[in-house]
1. Using a Debye calculation, one point per C-alpha and no hydration shell, please list log10 I(q)/I(0) for region 329-454 at q = 0.09 Å⁻¹ in order.
2. Long-range amide H contacts for D209: which residues qualify at under 5 Å (H placed 1.01 Å from N, peptide plane, sequence gap of 5 or more or a different chain)?
3. Which whole-Hz ³J(HN,Hα) couplings does region 336-350 yield from phi under the Karplus relation 6.51 cos²θ - 1.76 cosθ + 1.60, θ = phi - 60°, glycine and proline marked x?
4. With 10 Å bins from zero, work out the P(r) of region 137-180 over every alpha carbon pair and list the percent per bin.
5. Give the residue from V103, V77, L44 lying farthest towards the positive end of the charge dipole for region 1-113; charges sit on Cβ (+1 for Lys and Arg, -1 for Asp and Glu) and the dipole is referred to the Cα centre.
6. For region 296-402, list log₁₀ I(q)/I(0) at each q in 0.12 Å⁻¹, using the Debye formula over Cα point scatterers of equal strength and ignoring solvent, two decimals each.
7. Using modelled amide H (1.01 Å from N, peptide plane; none on Pro or chain starts), what sits under 5 Å from the amide H of G244, excluding residues fewer than 5 places away?
8. Going by average Cβ neighbours within 10 Å, how do the peptides 353-360, 439-446 rank, with the highest at the top?
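The values are calculated or read from the model by the stated rules, or taken from the named source; none is laboratory data. Computed from a predicted model, the values in this text were never measured in an experiment. Heads up, the Cβs are rebuilt from the backbone with ideal geometry, glycines too, and the neighbour counts pull from every protein chain shown. Note: accessible area is taken over every heavy atom of the protein model, side chains too, but ligands, DNA and RNA are not part of it. Shrake-Rupley method; radii C 1.70, N 1.55, O 1.52, S 1.80 Å.
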Amino acid sequence: MKNYKILDMLRRGRTDLENHLIDGRVDGRVSRREFIQHGSLLGLSLPFLGSVGFAAGVGGMPSLARAQGTPGATIRVASSVPAAAIEPVSVADTGGLLMLQQVGEFLCLDGPDLVLRPMLAESWKPNDKGDVWTFKLRKGVKFHSGGQMKADDVVASIDRLADPKNSSNALSVFTGFLQKGATKKVDDYTVEFHLDAPNGNFPYMVSSDNYNAIIIPADYKGDFEKTFDGTGPFKLEKYTPKVGASFVRNDDYWGEKALPARTEFAFFADIQPMILALQGRQVDVINQLPVLAGVGLLSDPSVTILSLKSVSHQQVHMRTDMDPFKDPRVRRAIALSLDRNKLQKGLMRGRASLGNDSPFAAVYPSTDTSVPQRQQDLKQAKELMEAAGVGKGFKVTLTTERFLEIPEYAVLIQNAVKEIGINLELNILDQGAYYGDAVFGKSNWLDSVMGITDYGHRGVPNVYLSAPLKSEGTWNAAHFKSEHYDQLASSYIAALDLEAQKQTAGEIQRLLLQETPVIFGYFFDYLTATRSNVSGVEHTAMAQLYLDRASVI
(Lines give C-alpha, C1' and ligand atoms only; values in the text may rest on other atoms or scores of the structure.)
Protein backbone atom coordinates (compact mmCIF):
# COMPACT_ATOMS: atom_id res chain seq x y z
CA MET A 1 0.00 0.00 0.00
CA LYS A 2 1.35 3.40 -1.00
CA ASN A 3 1.94 6.07 1.66
CA TYR A 4 1.67 9.32 -0.31
CA LYS A 5 2.34 11.48 2.75
CA ILE A 6 5.79 9.94 3.21
CA LEU A 7 6.40 9.97 -0.56
CA ASP A 8 5.65 13.71 -0.66
CA MET A 9 8.14 14.27 2.17
CA LEU A 10 10.80 12.27 0.36
CA ARG A 11 10.26 14.25 -2.84
CA ARG A 12 10.89 17.63 -1.24
CA GLY A 13 14.08 19.28 -2.43
CA ARG A 14 14.67 16.62 -5.09
CA THR A 15 15.46 17.51 -8.70
CA ASP A 16 13.05 16.86 -11.57
CA LEU A 17 15.33 14.00 -12.68
CA GLU A 18 15.26 12.36 -9.24
CA ASN A 19 11.50 12.77 -8.92
CA HIS A 20 10.99 11.28 -12.39
CA LEU A 21 12.86 8.18 -11.27
CA ILE A 22 10.74 8.03 -8.10
CA ASP A 23 7.59 8.31 -10.27
CA GLY A 24 8.80 5.38 -12.36
CA ARG A 25 9.16 3.22 -9.27
CA VAL A 26 5.80 4.27 -7.81
CA ASP A 27 4.04 3.62 -11.14
CA GLY A 28 5.80 0.29 -11.66
CA ARG A 29 7.62 1.32 -14.86
CA VAL A 30 10.97 0.86 -13.12
CA SER A 31 11.86 -2.39 -11.34
CA ARG A 32 13.38 -2.50 -7.86
CA ARG A 33 16.78 -3.50 -9.28
CA GLU A 34 16.68 -0.73 -11.89
CA PHE A 35 15.56 1.81 -9.29
CA ILE A 36 18.38 1.03 -6.87
CA GLN A 37 21.06 0.83 -9.58
CA HIS A 38 20.08 4.05 -11.35
CA GLY A 39 19.29 5.87 -8.10
CA SER A 40 22.79 5.10 -6.81
CA LEU A 41 24.21 6.46 -10.07
CA LEU A 42 22.40 9.75 -9.48
CA GLY A 43 23.89 9.91 -5.98
CA LEU A 44 20.79 8.91 -4.02
CA SER A 45 21.71 6.96 -0.88
CA LEU A 46 20.63 3.36 -0.38
CA PRO A 47 18.66 4.22 2.79
CA PHE A 48 16.78 6.92 0.83
CA LEU A 49 16.06 4.55 -2.06
CA GLY A 50 14.84 1.93 0.39
CA SER A 51 12.57 4.48 2.06
CA VAL A 52 11.01 5.35 -1.30
CA GLY A 53 10.43 1.67 -2.04
CA PHE A 54 8.85 1.15 1.39
CA ALA A 55 6.56 4.20 1.02
CA ALA A 56 5.60 3.12 -2.51
CA GLY A 57 4.63 -0.32 -1.19
CA VAL A 58 7.02 -2.07 -3.57
CA GLY A 59 9.94 -3.18 -1.39
CA GLY A 60 11.73 -2.28 1.79
CA MET A 61 15.21 -1.13 2.63
CA PRO A 62 18.13 -2.69 0.76
CA SER A 63 20.33 -4.47 3.27
CA LEU A 64 23.96 -3.47 3.68
CA ALA A 65 24.63 -5.93 6.51
CA ARG A 66 27.58 -8.27 6.15
CA ALA A 67 28.25 -11.22 8.42
CA GLN A 68 30.82 -10.49 11.13
CA GLY A 69 33.57 -13.10 11.19
CA THR A 70 36.37 -13.84 13.63
CA PRO A 71 39.14 -11.22 13.65
CA GLY A 72 42.88 -11.83 13.43
CA ALA A 73 43.24 -14.26 10.53
CA THR A 74 45.82 -14.27 7.75
CA ILE A 75 44.10 -14.58 4.35
CA ARG A 76 46.28 -16.11 1.63
CA VAL A 77 45.48 -15.34 -2.02
CA ALA A 78 46.67 -16.84 -5.30
CA SER A 79 47.03 -14.12 -7.95
CA SER A 80 48.37 -13.79 -11.46
CA VAL A 81 51.83 -12.18 -11.68
CA PRO A 82 51.68 -8.38 -12.15
CA ALA A 83 52.91 -7.70 -15.67
CA ALA A 84 54.77 -4.49 -14.81
CA ALA A 85 55.58 -2.13 -11.95
CA ILE A 86 52.67 -1.29 -9.64
CA GLU A 87 51.91 2.22 -10.85
CA PRO A 88 48.43 3.81 -10.51
CA VAL A 89 48.65 5.69 -13.78
CA SER A 90 49.68 2.76 -15.97
CA VAL A 91 48.53 -0.50 -14.38
CA ALA A 92 46.43 -2.46 -16.89
CA ASP A 93 46.69 -6.13 -15.92
CA THR A 94 44.73 -8.24 -13.44
CA GLY A 95 47.62 -8.94 -11.07
CA GLY A 96 48.70 -5.30 -11.00
CA LEU A 97 45.27 -3.79 -10.41
CA LEU A 98 44.65 -6.30 -7.60
CA MET A 99 47.75 -4.98 -5.84
CA LEU A 100 46.74 -1.36 -6.46
CA GLN A 101 43.31 -1.91 -4.96
CA GLN A 102 44.59 -3.59 -1.77
CA VAL A 103 45.74 -0.22 -0.42
CA GLY A 104 44.01 2.33 -2.66
CA GLU A 105 40.39 3.48 -2.70
CA PHE A 106 38.10 5.16 -5.22
CA LEU A 107 35.56 7.95 -4.93
CA CYS A 108 32.85 5.29 -5.09
CA LEU A 109 32.63 1.52 -5.28
CA ASP A 110 30.93 -0.32 -8.15
CA GLY A 111 29.62 -3.27 -6.19
CA PRO A 112 28.95 -6.84 -7.31
CA ASP A 113 25.35 -5.82 -8.13
CA LEU A 114 26.46 -2.76 -10.21
CA VAL A 115 25.10 -0.50 -7.47
CA LEU A 116 27.41 2.43 -6.70
CA ARG A 117 28.27 2.88 -3.04
CA PRO A 118 30.10 5.80 -1.38
CA MET A 119 33.79 5.28 -0.69
CA LEU A 120 36.02 8.36 -0.51
CA ALA A 121 33.10 10.47 -1.74
CA GLU A 122 30.05 10.67 0.49
CA SER A 123 27.68 11.86 -2.25
CA TRP A 124 27.52 13.14 -5.83
CA LYS A 125 25.04 14.92 -8.07
CA PRO A 126 24.82 16.08 -11.73
CA ASN A 127 23.70 19.46 -13.01
CA ASP A 128 20.62 19.59 -15.27
CA LYS A 129 22.62 18.82 -18.42
CA GLY A 130 24.83 16.10 -16.96
CA ASP A 131 28.02 17.87 -18.02
CA VAL A 132 29.03 18.95 -14.49
CA TRP A 133 29.09 16.46 -11.62
CA THR A 134 29.72 17.60 -8.03
CA PHE A 135 31.24 15.21 -5.49
CA LYS A 136 31.29 15.77 -1.73
CA LEU A 137 34.35 14.13 -0.12
CA ARG A 138 34.53 12.19 3.10
CA LYS A 139 36.26 14.00 5.98
CA GLY A 140 38.82 12.45 8.33
CA VAL A 141 40.47 10.19 5.73
CA LYS A 142 44.23 9.68 6.14
CA PHE A 143 46.80 8.39 3.69
CA HIS A 144 49.04 5.63 5.05
CA SER A 145 51.85 8.22 5.09
CA GLY A 146 49.81 10.30 7.53
CA GLY A 147 48.44 13.23 5.49
CA GLN A 148 44.74 14.08 5.26
CA MET A 149 42.97 13.32 1.96
CA LYS A 150 41.38 16.48 0.53
CA ALA A 151 40.17 17.92 -2.77
CA ASP A 152 43.71 18.76 -3.96
CA ASP A 153 44.57 15.04 -3.87
CA VAL A 154 41.48 14.13 -5.90
CA VAL A 155 42.19 16.83 -8.50
CA ALA A 156 45.82 15.77 -8.89
CA SER A 157 44.98 12.04 -9.04
CA ILE A 158 42.36 12.43 -11.77
CA ASP A 159 44.42 14.98 -13.74
CA ARG A 160 47.30 12.48 -13.92
CA LEU A 161 44.98 9.92 -15.50
CA ALA A 162 43.36 12.41 -17.89
CA ASP A 163 46.73 13.75 -19.16
CA PRO A 164 47.46 12.17 -22.59
CA LYS A 165 51.20 12.51 -21.91
CA ASN A 166 50.91 9.83 -19.20
CA SER A 167 49.36 7.23 -21.56
CA SER A 168 47.12 5.93 -18.78
CA ASN A 169 44.78 3.04 -19.47
CA ALA A 170 42.11 5.31 -17.92
CA LEU A 171 42.17 7.39 -21.12
CA SER A 172 39.96 4.72 -22.69
CA VAL A 173 37.31 5.97 -20.24
CA PHE A 174 38.10 9.70 -20.05
CA THR A 175 38.90 10.59 -23.68
CA GLY A 176 36.16 12.77 -25.12
CA PHE A 177 34.64 13.45 -21.72
CA LEU A 178 37.19 14.59 -19.15
CA GLN A 179 40.37 16.53 -19.90
CA LYS A 180 43.30 17.40 -17.70
CA GLY A 181 42.38 20.59 -15.85
CA ALA A 182 38.62 19.91 -15.94
CA THR A 183 38.57 18.53 -12.38
CA LYS A 184 38.03 21.58 -10.16
CA LYS A 185 38.44 22.11 -6.43
CA VAL A 186 35.46 24.00 -4.95
CA ASP A 187 36.64 23.72 -1.35
CA ASP A 188 38.69 21.20 0.65
CA TYR A 189 35.88 18.64 0.53
CA THR A 190 34.06 19.45 -2.73
CA VAL A 191 35.20 18.64 -6.28
CA GLU A 192 33.49 19.43 -9.60
CA PHE A 193 34.08 17.51 -12.83
CA HIS A 194 33.46 19.70 -15.90
CA LEU A 195 32.89 17.33 -18.83
CA ASP A 196 33.41 17.90 -22.55
CA ALA A 197 29.99 16.38 -23.20
CA PRO A 198 27.05 15.27 -21.06
CA ASN A 199 27.51 11.84 -19.51
CA GLY A 200 24.69 10.20 -17.59
CA ASN A 201 26.91 7.40 -16.27
CA PHE A 202 29.87 9.55 -15.20
CA PRO A 203 30.21 8.38 -11.54
CA TYR A 204 31.25 4.94 -12.84
CA MET A 205 34.22 6.67 -14.53
CA VAL A 206 35.68 7.64 -11.14
CA SER A 207 34.62 4.47 -9.34
CA SER A 208 36.32 1.10 -8.92
CA ASP A 209 35.00 0.41 -12.45
CA ASN A 210 37.91 2.58 -13.66
CA TYR A 211 40.61 0.59 -11.87
CA ASN A 212 43.37 3.21 -12.24
CA ALA A 213 41.34 5.86 -10.44
CA ILE A 214 42.49 5.33 -6.85
CA ILE A 215 43.13 8.58 -4.97
CA ILE A 216 46.77 9.15 -4.00
CA PRO A 217 48.59 12.19 -2.53
CA ALA A 218 48.77 15.32 -4.67
CA ASP A 219 52.58 15.40 -4.34
CA TYR A 220 53.02 11.84 -5.66
CA LYS A 221 56.38 11.52 -7.46
CA GLY A 222 56.04 8.14 -9.15
CA ASP A 223 57.39 5.85 -6.44
CA PHE A 224 54.22 3.90 -5.62
CA GLU A 225 55.84 0.46 -5.56
CA LYS A 226 58.10 1.65 -2.71
CA THR A 227 55.32 3.01 -0.52
CA PHE A 228 51.90 1.74 -1.71
CA ASP A 229 50.58 4.97 -0.17
CA GLY A 230 46.79 4.83 -0.22
CA THR A 231 43.82 5.28 2.11
CA GLY A 232 42.56 1.70 2.39
CA PRO A 233 41.96 -0.70 5.33
CA PHE A 234 45.28 -2.49 4.66
CA LYS A 235 48.79 -1.06 4.29
CA LEU A 236 51.91 -2.53 2.76
CA GLU A 237 54.09 -4.90 4.75
CA LYS A 238 56.26 -6.23 1.91
CA TYR A 239 56.20 -6.37 -1.87
CA THR A 240 58.55 -8.58 -3.92
CA PRO A 241 58.13 -8.30 -7.72
CA LYS A 242 57.29 -11.61 -9.45
CA VAL A 243 56.99 -13.37 -6.07
CA GLY A 244 54.29 -11.91 -3.84
CA ALA A 245 53.11 -9.29 -1.37
CA SER A 246 51.77 -8.98 2.16
CA PHE A 247 49.65 -6.32 3.85
CA VAL A 248 48.67 -5.60 7.45
CA ARG A 249 45.64 -4.02 9.07
CA ASN A 250 45.57 -0.20 8.93
CA ASP A 251 44.58 0.85 12.46
CA ASP A 252 44.16 4.48 11.32
CA TYR A 253 41.54 3.55 8.71
CA TRP A 254 38.61 6.00 8.43
CA GLY A 255 35.98 3.24 8.44
CA GLU A 256 35.39 -0.06 10.19
CA LYS A 257 38.75 -1.71 10.89
CA ALA A 258 39.64 -4.79 8.86
CA LEU A 259 39.05 -8.19 10.43
CA PRO A 260 42.19 -9.95 9.13
CA ALA A 261 45.47 -9.07 10.82
CA ARG A 262 47.26 -9.51 7.51
CA THR A 263 46.84 -10.73 3.95
CA GLU A 264 49.35 -12.56 1.78
CA PHE A 265 49.43 -12.75 -2.03
CA ALA A 266 51.41 -15.38 -3.92
CA PHE A 267 51.99 -14.75 -7.64
CA PHE A 268 51.48 -17.59 -10.13
CA ALA A 269 52.17 -17.70 -13.86
CA ASP A 270 49.37 -20.18 -14.59
CA ILE A 271 46.02 -21.29 -13.20
CA GLN A 272 46.88 -24.97 -12.64
CA PRO A 273 49.49 -24.31 -9.89
CA MET A 274 46.93 -22.02 -8.23
CA ILE A 275 44.38 -24.85 -8.18
CA LEU A 276 46.94 -27.25 -6.70
CA ALA A 277 47.84 -24.65 -4.05
CA LEU A 278 44.17 -24.26 -3.08
CA GLN A 279 43.65 -28.01 -2.93
CA GLY A 280 46.87 -28.37 -0.91
CA ARG A 281 45.70 -25.72 1.59
CA GLN A 282 48.62 -23.43 0.73
CA VAL A 283 46.25 -20.60 -0.26
CA ASP A 284 42.71 -19.70 0.78
CA VAL A 285 41.52 -17.82 -2.30
CA ILE A 286 42.00 -17.92 -6.08
CA ASN A 287 41.15 -14.43 -7.27
CA GLN A 288 39.94 -15.37 -10.78
CA LEU A 289 38.96 -18.91 -11.76
CA PRO A 290 38.40 -19.52 -15.49
CA VAL A 291 35.50 -21.91 -16.09
CA LEU A 292 37.26 -24.46 -18.30
CA ALA A 293 40.53 -24.57 -16.38
CA GLY A 294 38.73 -24.73 -13.04
CA VAL A 295 35.93 -27.12 -13.93
CA GLY A 296 37.22 -29.69 -11.41
CA LEU A 297 36.65 -27.24 -8.54
CA LEU A 298 33.04 -26.41 -9.43
CA SER A 299 31.72 -29.48 -7.60
CA ASP A 300 34.47 -29.85 -4.97
CA PRO A 301 32.85 -29.81 -1.47
CA SER A 302 36.00 -28.35 0.09
CA VAL A 303 35.76 -25.30 -2.19
CA THR A 304 33.25 -22.44 -2.31
CA ILE A 305 32.69 -20.84 -5.72
CA LEU A 306 31.76 -17.16 -5.57
CA SER A 307 29.97 -16.28 -8.81
CA LEU A 308 28.99 -12.89 -10.24
CA LYS A 309 26.94 -12.13 -13.32
CA SER A 310 29.39 -9.99 -15.26
CA VAL A 311 29.55 -8.44 -18.72
CA SER A 312 32.99 -9.86 -19.54
CA HIS A 313 32.85 -11.31 -23.04
CA GLN A 314 34.75 -12.32 -26.17
CA GLN A 315 33.95 -10.06 -29.15
CA VAL A 316 33.92 -11.67 -32.61
CA HIS A 317 34.59 -8.88 -35.09
CA MET A 318 34.17 -8.98 -38.88
CA ARG A 319 35.76 -6.34 -41.14
CA THR A 320 32.84 -4.39 -42.57
CA ASP A 321 35.15 -2.66 -45.06
CA MET A 322 36.54 -5.87 -46.61
CA ASP A 323 35.18 -8.87 -48.49
CA PRO A 324 33.59 -11.20 -47.60
CA PHE A 325 32.05 -9.15 -44.78
CA LYS A 326 31.12 -5.91 -46.57
CA ASP A 327 27.57 -7.24 -46.92
CA PRO A 328 25.72 -7.25 -43.56
CA ARG A 329 23.75 -10.29 -44.73
CA VAL A 330 26.93 -12.37 -44.57
CA ARG A 331 27.67 -11.11 -41.07
CA ARG A 332 24.12 -11.92 -39.94
CA ALA A 333 24.41 -15.39 -41.49
CA ILE A 334 27.47 -16.16 -39.38
CA ALA A 335 25.72 -14.90 -36.24
CA LEU A 336 22.68 -17.07 -37.03
CA SER A 337 24.86 -20.18 -37.41
CA LEU A 338 25.83 -20.13 -33.72
CA ASP A 339 23.92 -22.15 -31.12
CA ARG A 340 24.18 -19.76 -28.17
CA ASN A 341 22.44 -22.13 -25.78
CA LYS A 342 25.17 -24.70 -26.40
CA LEU A 343 27.82 -22.03 -25.89
CA GLN A 344 26.27 -21.16 -22.55
CA LYS A 345 25.61 -24.69 -21.30
CA GLY A 346 28.49 -26.55 -22.97
CA LEU A 347 31.49 -24.29 -23.48
CA MET A 348 30.81 -22.21 -20.35
CA ARG A 349 29.25 -25.00 -18.20
CA GLY A 350 26.21 -22.82 -17.53
CA ARG A 351 28.36 -20.02 -16.09
CA ALA A 352 27.35 -17.40 -18.66
CA SER A 353 24.38 -15.39 -19.96
CA LEU A 354 23.25 -15.28 -23.59
CA GLY A 355 24.54 -12.43 -25.73
CA ASN A 356 22.39 -10.74 -28.37
CA ASP A 357 25.07 -9.12 -30.56
CA SER A 358 25.19 -5.80 -28.74
CA PRO A 359 26.97 -4.63 -25.56
CA PHE A 360 23.65 -4.53 -23.71
CA ALA A 361 23.82 -7.48 -21.34
CA ALA A 362 20.81 -8.48 -19.25
CA VAL A 363 22.45 -7.18 -16.04
CA TYR A 364 22.39 -3.57 -17.26
CA PRO A 365 19.25 -1.73 -16.08
CA SER A 366 19.12 0.24 -19.35
CA THR A 367 18.98 -2.87 -21.59
CA ASP A 368 15.74 -3.13 -23.57
CA THR A 369 14.66 -6.68 -22.76
CA SER A 370 11.80 -6.52 -25.30
CA VAL A 371 14.31 -6.93 -28.17
CA PRO A 372 14.03 -10.59 -29.31
CA GLN A 373 16.98 -12.87 -28.53
CA ARG A 374 18.82 -14.05 -31.66
CA GLN A 375 18.73 -17.83 -31.96
CA GLN A 376 20.42 -20.32 -34.28
CA ASP A 377 18.62 -20.48 -37.66
CA LEU A 378 20.61 -22.33 -40.30
CA LYS A 379 17.83 -22.08 -42.89
CA GLN A 380 17.75 -18.29 -42.68
CA ALA A 381 21.55 -18.16 -42.60
CA LYS A 382 21.79 -20.11 -45.88
CA GLU A 383 19.15 -17.87 -47.47
CA LEU A 384 21.14 -14.80 -46.47
CA MET A 385 24.31 -16.30 -47.98
CA GLU A 386 22.46 -16.93 -51.26
CA ALA A 387 20.99 -13.42 -51.31
CA ALA A 388 24.48 -11.98 -50.76
CA GLY A 389 25.81 -13.95 -53.73
CA VAL A 390 28.01 -16.31 -51.70
CA GLY A 391 25.70 -19.31 -51.49
CA LYS A 392 28.55 -21.65 -52.39
CA GLY A 393 30.56 -20.40 -49.44
CA PHE A 394 34.07 -18.99 -49.15
CA LYS A 395 37.33 -19.37 -47.26
CA VAL A 396 38.38 -16.88 -44.59
CA THR A 397 40.82 -16.76 -41.67
CA LEU A 398 39.86 -16.06 -38.06
CA THR A 399 42.79 -14.65 -36.07
CA THR A 400 42.66 -14.69 -32.30
CA GLU A 401 44.54 -15.02 -29.01
CA ARG A 402 45.42 -17.93 -26.75
CA PHE A 403 43.52 -16.82 -23.65
CA LEU A 404 40.83 -18.36 -21.42
CA GLU A 405 38.31 -20.36 -23.51
CA ILE A 406 38.88 -18.36 -26.73
CA PRO A 407 40.68 -21.17 -28.68
CA GLU A 408 37.82 -23.57 -27.90
CA TYR A 409 35.28 -20.89 -28.87
CA ALA A 410 37.10 -20.42 -32.18
CA VAL A 411 36.78 -24.15 -32.95
CA LEU A 412 33.05 -24.05 -32.17
CA ILE A 413 32.61 -21.12 -34.57
CA GLN A 414 34.66 -22.99 -37.20
CA ASN A 415 32.33 -25.99 -36.93
CA ALA A 416 29.19 -23.84 -36.91
CA VAL A 417 29.94 -21.86 -40.08
CA LYS A 418 30.89 -25.07 -41.92
CA GLU A 419 27.14 -25.77 -41.93
CA ILE A 420 26.56 -22.74 -44.19
CA GLY A 421 29.50 -23.44 -46.51
CA ILE A 422 32.23 -21.33 -44.93
CA ASN A 423 35.74 -22.77 -44.66
CA LEU A 424 37.15 -21.02 -41.60
CA GLU A 425 40.88 -21.32 -40.99
CA LEU A 426 42.13 -20.56 -37.48
CA ASN A 427 45.22 -18.49 -36.67
CA ILE A 428 45.66 -18.64 -32.88
CA LEU A 429 48.48 -16.45 -31.54
CA ASP A 430 49.94 -15.65 -28.14
CA GLN A 431 48.54 -12.43 -26.70
CA GLY A 432 51.57 -10.29 -27.50
CA ALA A 433 51.50 -11.26 -31.17
CA TYR A 434 47.73 -10.82 -31.39
CA TYR A 435 47.57 -7.32 -29.92
CA GLY A 436 50.86 -6.09 -31.40
CA ASP A 437 51.16 -2.32 -30.94
CA ALA A 438 47.35 -2.07 -30.51
CA VAL A 439 47.11 0.58 -33.24
CA PHE A 440 45.70 0.25 -36.75
CA GLY A 441 48.28 -1.03 -39.21
CA LYS A 442 50.40 -2.66 -36.49
CA SER A 443 48.04 -5.11 -34.82
CA ASN A 444 46.64 -8.51 -35.78
CA TRP A 445 43.72 -7.61 -33.52
CA LEU A 446 42.76 -4.40 -35.33
CA ASP A 447 43.81 -5.44 -38.85
CA SER A 448 42.48 -9.02 -39.12
CA VAL A 449 39.51 -9.67 -41.39
CA MET A 450 37.89 -11.65 -38.56
CA GLY A 451 38.98 -12.10 -34.96
CA ILE A 452 38.03 -12.79 -31.35
CA THR A 453 39.08 -10.35 -28.60
CA ASP A 454 38.64 -10.53 -24.83
CA TYR A 455 36.83 -7.65 -23.12
CA GLY A 456 36.71 -7.29 -19.35
CA HIS A 457 33.78 -6.23 -17.20
CA ARG A 458 32.43 -2.67 -17.05
CA GLY A 459 29.64 -1.42 -14.79
CA VAL A 460 28.08 0.57 -17.65
CA PRO A 461 28.30 -0.07 -21.42
CA ASN A 462 29.85 3.30 -22.38
CA VAL A 463 33.31 2.00 -23.29
CA TYR A 464 31.87 -0.94 -25.26
CA LEU A 465 29.59 1.42 -27.18
CA SER A 466 32.41 3.80 -28.07
CA ALA A 467 35.85 2.21 -28.50
CA PRO A 468 34.97 -0.90 -30.60
CA LEU A 469 31.86 0.39 -32.42
CA LYS A 470 31.98 4.15 -33.03
CA SER A 471 33.32 5.19 -36.43
CA GLU A 472 36.47 6.70 -34.92
CA GLY A 473 36.70 4.21 -32.05
CA THR A 474 40.25 3.38 -30.99
CA TRP A 475 39.38 -0.36 -30.77
CA ASN A 476 37.12 -0.55 -33.85
CA ALA A 477 38.50 -3.84 -35.19
CA ALA A 478 35.34 -4.30 -37.34
CA HIS A 479 36.08 -0.93 -39.04
CA PHE A 480 32.35 -0.26 -38.61
CA LYS A 481 31.24 3.21 -39.72
CA SER A 482 27.67 4.34 -39.19
CA GLU A 483 26.68 7.95 -38.60
CA HIS A 484 23.30 6.80 -37.28
CA TYR A 485 24.97 4.47 -34.79
CA ASP A 486 27.40 7.19 -33.67
CA GLN A 487 24.47 9.55 -32.97
CA LEU A 488 22.58 6.88 -31.01
CA ALA A 489 25.63 5.97 -28.93
CA SER A 490 26.27 9.63 -28.09
CA SER A 491 22.61 10.09 -27.16
CA TYR A 492 22.69 7.07 -24.87
CA ILE A 493 25.87 8.21 -23.12
CA ALA A 494 24.47 11.73 -22.61
CA ALA A 495 21.11 10.59 -21.19
CA LEU A 496 20.57 11.09 -17.45
CA ASP A 497 17.12 9.51 -17.32
CA LEU A 498 16.85 5.70 -17.12
CA GLU A 499 13.81 5.50 -19.41
CA ALA A 500 15.53 7.68 -22.02
CA GLN A 501 18.60 5.42 -21.80
CA LYS A 502 16.44 2.32 -22.25
CA GLN A 503 14.64 3.75 -25.29
CA THR A 504 17.93 4.61 -27.01
CA ALA A 505 19.42 1.26 -25.97
CA GLY A 506 16.57 -0.50 -27.78
CA GLU A 507 17.31 1.43 -30.97
CA ILE A 508 21.01 0.54 -30.70
CA GLN A 509 20.24 -3.13 -30.03
CA ARG A 510 18.02 -3.37 -33.12
CA LEU A 511 20.50 -1.53 -35.34
CA LEU A 512 23.36 -3.81 -34.30
CA LEU A 513 21.25 -6.93 -34.90
CA GLN A 514 20.71 -5.64 -38.43
CA GLU A 515 24.34 -4.65 -39.07
CA THR A 516 26.15 -7.26 -36.88
CA PRO A 517 29.70 -5.86 -37.10
CA VAL A 518 30.46 -7.75 -33.87
CA ILE A 519 29.03 -10.97 -32.44
CA PHE A 520 28.41 -10.89 -28.69
CA GLY A 521 27.72 -14.59 -28.15
CA TYR A 522 27.71 -14.71 -24.34
CA PHE A 523 28.68 -12.79 -21.22
CA PHE A 524 30.57 -15.01 -18.80
CA ASP A 525 30.26 -15.10 -15.03
CA TYR A 526 33.18 -13.97 -12.90
CA LEU A 527 34.29 -16.77 -10.57
CA THR A 528 36.42 -16.62 -7.43
CA ALA A 529 37.27 -19.80 -5.51
CA THR A 530 37.80 -19.94 -1.75
CA ARG A 531 38.37 -22.76 0.69
CA SER A 532 35.05 -23.67 2.31
CA ASN A 533 36.25 -22.50 5.75
CA VAL A 534 36.78 -18.92 4.50
CA SER A 535 33.97 -16.37 4.66
CA GLY A 536 33.46 -12.65 4.07
CA VAL A 537 35.43 -12.39 0.80
CA GLU A 538 33.88 -9.84 -1.56
CA HIS A 539 34.98 -9.83 -5.18
CA THR A 540 34.10 -7.73 -8.21
CA ALA A 541 34.04 -8.66 -11.87
CA MET A 542 36.89 -6.16 -12.37
CA ALA A 543 39.20 -8.71 -10.62
CA GLN A 544 39.22 -6.70 -7.40
CA LEU A 545 39.18 -8.47 -4.05
CA TYR A 546 37.94 -6.86 -0.82
CA LEU A 547 39.21 -8.80 2.18
CA ASP A 548 38.44 -6.43 5.06
CA ARG A 549 35.52 -8.63 6.27
CA ALA A 550 37.22 -11.97 5.52
CA SER A 551 37.76 -14.58 8.22
CA VAL A 552 38.74 -18.23 8.62
CA ILE A 553 36.56 -20.65 10.55
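1. Listed by q, the Debye log ratios stand at -0.29.
2. D110
3. Calculated HN-Hα couplings, in order: 6, 7, 7, 9, 5, 5, 6, 4, 5, 7, x, 4, 9, 6, x Hz.
4. 27, 39, 29, 4
5. Value computed over the given set: L44.
6. So the normalised log intensities are -0.56.
7. Amide H neighbours of G244: F267.
8. In decreasing order of mean packing, 353-360, 439-446 become 353-360, 439-446.
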